[in-house]
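The values are calculated or read from the model by the stated rules, or taken from the named source; none is laboratory data. Values in this document were obtained by computation on a predicted structure and should not be read as measured data. Here Cβ is always computed from backbone atoms with ideal geometry, including for glycine, and neighbour counts include all displayed protein chains.
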């Protein structure tokens, strides 16, 4: 009886070791970033009393190596620095909207199910600019695949929405005396 149980245990252990051996995991697809340069990668901006520049612009899409399958569609990234150039108005930045314009001056549409390329100024303190102040905002928005074709994109348009309020400094004189004098 002991021999039979011993044989069964040896068989069970052998089956567990040989039959349940882990198979090598399937090789994960290698994803690489395909970067498109934007020329120039730095552009001055002037919208009313707000000035600044967009820097470090580039377009990146993530592609599966070998198959060419797009893992993540194209995105425009960069930095937007805005300055309130007014001497007497504060501004509250509401939002920015980016449009991609083709060689004929027409807007290039984004593909279905992709969100419009909007910039939100929601960080604490970065949405209000007093005279002379500036704020820097990262840009990371969808980019239309059609604009990746050679000579298709002519310009990028930034529509900036802000509220302006007059920054007034006035003096009040307080007529006072000490001790009833």
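Condition check: assigned to a strand (DSSP E or B) and either in contact (Cβ under 8 Å) with a residue 40 or more places away in the chain or closer than 27 Å to residue 69 by Cα (or both). Does residue 96 satisfy that?
Values: assigned to a strand (DSSP E or B): yes; either in contact (Cβ under 8 Å) with a residue 40 or more places away in the chain or closer than 27 Å to residue 69 by Cα (or both): yes.
When the stated conditions are applied, residue 96 passes them.
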Using the structure shown, decide if residue 160 is under 23 Å from residue 35 (Cα atoms), crowded, with 18+ Cβ neighbours inside 10 Å and at pLDDT 90 or above.
no
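What are the residues in the range 132-181 that are more than 30 Å from residue 61 (Cβ to Cβ) and part of a strand (DSSP E or B), if any? Before the answer, list the steps.
Of the residues in the range 132-181, the ones more than 30 Å from residue 61 (Cβ to Cβ) are 132-134, 162-181.
Correct list: 134, 162, 163, 164, 165, 166.
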Modelled with pLDDT under 90 and either touching a helix residue (DSSP H, G or I) at 6+ places or on another chain (Cβ under 6 Å) or closer than 17 Å to residue 48 by Cα (or both) - does that describe any residue in the range 95-108?
yes
Which residues, taken from the range 33-58, are out of contact with any strand residue (DSSP E or B) (no Cβ under 7 Å at 6 or more places or on another chain) and either in a strand (DSSP E or B) or modelled with pLDDT of 95 or more (or both)?
46
